[in-house]
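One structure is given below, encoded as structure tokens.
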Amino acid sequence: MATNANWTVVFDDKIIIKNYSEGANEGVGHKINNDSFWNDSKWSNIWAIQYVSGNEDYSDSVEYRDNTAHTSWTAANLGDFKTQFIDKWDAAHLSELQSNWDEDNAESETESEKITRLGARPTSYSS
């Protein structure tokens, strides 16, 4: 497995992890509940992906379930990593940020006071 990956995708767990090196405070994973995405036939033999941003040819990026040798993202020819994984992680992370903001209430606090304390409610997130 790639040890310096910025992103990790674990197919059995349906999870995408933004690793510390990509700017997360720690490895932050989001489960993506979209069976039609995970059940796409192109993922059927893939166990995990260790994606190194900017190095799509890293030799140990795509790990297979069977005895197929691990390969690079480019050689696996699976499409654009950002639109397939990073964008999904960003959407899940934004949803979490919004939920955390919504639930962080102080007693007798007005919306204006909440905004002063927490900042505006997040409306976008981009890795």
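The values are calculated or read from the model by the stated rules, or taken from the named source; none is laboratory data. These figures come from a predicted structure and were not determined experimentally. Don't worry about glycine lacking a Cβ; one is built from the backbone with ideal geometry, like all the others, and counts go over all protein chains shown.
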Taking strands (runs of 3 or more DSSP E) that fall entirely within region 8-109, which contain at least 1 residues that are in contact (Cβ under 8 Å) with a residue 60 or more places away in the chain and surrounded by 15 or more Cβ atoms within 10 Å (Cβ to Cβ)? 15-18, 28-31, 62-64
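Just to be sure, is LEU97 aliphatic (A, V, I, L, M), more than 13 Å from the chain's Cα centre (by Cα) and farther than 21 Å from ASN4 by Cβ?
Values: aliphatic (A, V, I, L, M): yes; more than 13 Å from the chain's Cα centre (by Cα): yes; farther than 21 Å from ASN4 by Cβ: yes.
Yes; evaluated as a whole, the condition is true for this residue.
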Among the candidates ILE15, ILE115, single out the residue that is at pLDDT 95 or above, out of contact with any helix residue (DSSP H, G or I) (no Cβ under 9 Å at 6 or more places or on another chain) and over 22 Å from ASN4 (Cβ atoms). ILE115
